[in-house]
1. If a residue counts only when it is under 14 Å from ILE44 (Cβ atoms), which strands (runs of 3 or more DSSP E) contained entirely in the stretch 64-113 have at least 3 such residues?
2. For residues that are more than 12 Å from ILE103 (Cβ to Cβ), in contact with a strand residue (DSSP E or B) (Cβ under 7 Å, 6 or more places away or on another chain) and not hydroxyl-bearing (Ser, Thr, Tyr), scanning just the stretch 33-51, find the one that is surrounded by the most Cβ atoms within 10 Å (Cβ to Cβ).
3. Taking LYS48 as the residue in question, decide whether it is in contact with a Leu (Cβ under 9 Å, 6 or more places away or on another chain) and modelled with pLDDT of 95 or more.
4. Can you name every residue in the stretch 71-110 that is touching a Ser or Thr at 6+ places or on another chain (Cβ under 7 Å), touching a residue at least 40 places away in the same chain (Cβ under 8 Å) and closer than 27 Å to ARG31 by Cβ?
5. Looking at VAL115, VAL40, VAL104, can you tell me which residue is touching a helix residue (DSSP H, G or I) at 6+ places or on another chain (Cβ under 7 Å) and aliphatic (A, V, I, L, M)?
6. From the set of residues in the stretch 71-80 that are surrounded by 18 or more Cβ atoms within 10 Å (Cβ to Cβ) and hydrophobic (A, V, I, L, M, F, W, C), which is farthest from TRP91 (Cα to Cα)?
7. What are the pairs, 6+ residues apart or on separate chains, where a residue within the stretch 52-70 that is buried (at least 19 other Cβ atoms within 10 Å of the Cβ) has its Cβ under 8 Å from a residue that is β-branched (Val, Ile, Thr) and assigned to a loop (DSSP other than H, G, I, E, B)?
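The values are calculated or read from the model by the stated rules, or taken from the named source; none is laboratory data. None of these values were measured; they are calculated from a predicted model. Ideal geometry is used to build each Cβ from the backbone, glycine not excepted, and the neighbour counts take in all protein chains shown.
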Amino acid sequence: MTANRKRKNATRTPIDAFDIGDDLQITKTTRRAAGAGTWVIGTIAGHKFNVLVFPEHAESPDYELEDSRISKIWLQRISDKATVVNFDRGWDIRPTTKAAQAIVDFLAAGLADLVYHA
């Protein structure tokens, strides 16, 4: 059996199947009633997410995921409903899989710009 055949017949993960972000769906955005910030709910790469994103950076860098303007992110794998990421102004659950890390990196790189049209 050739390597190509093995690859075709192998079970593919969402990471292997497409580039991260190709299937991003934002199903709901809700501006917070008090203060700035928008809750973003959606799906990506076989995962559900809830993210609280802001138009500006946090006053304290500890309250923000890297330089993303994200203060909260929850990520759940749809197939087994396992929580694979939880960041609530600090890590509660660091990414537990490579797919989860790739999704966090993707959302951190551009979700705030997408939501706030920067």
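1. In the stretch 64-113, the matching strands (runs of 3 or more DSSP E) lie at 70-77.
2. Checked the stretch 33-51; the qualifying residue surrounded by the most Cβ atoms within 10 Å (Cβ to Cβ) is VAL40.
3. So LYS48 passes the test.
4. Scanning the stretch 71-110 gives a single hit, ALA108.
5. The conditions single out VAL40.
6. Across the stretch 71-80, the extreme among qualifying residues is LEU75.
7. none
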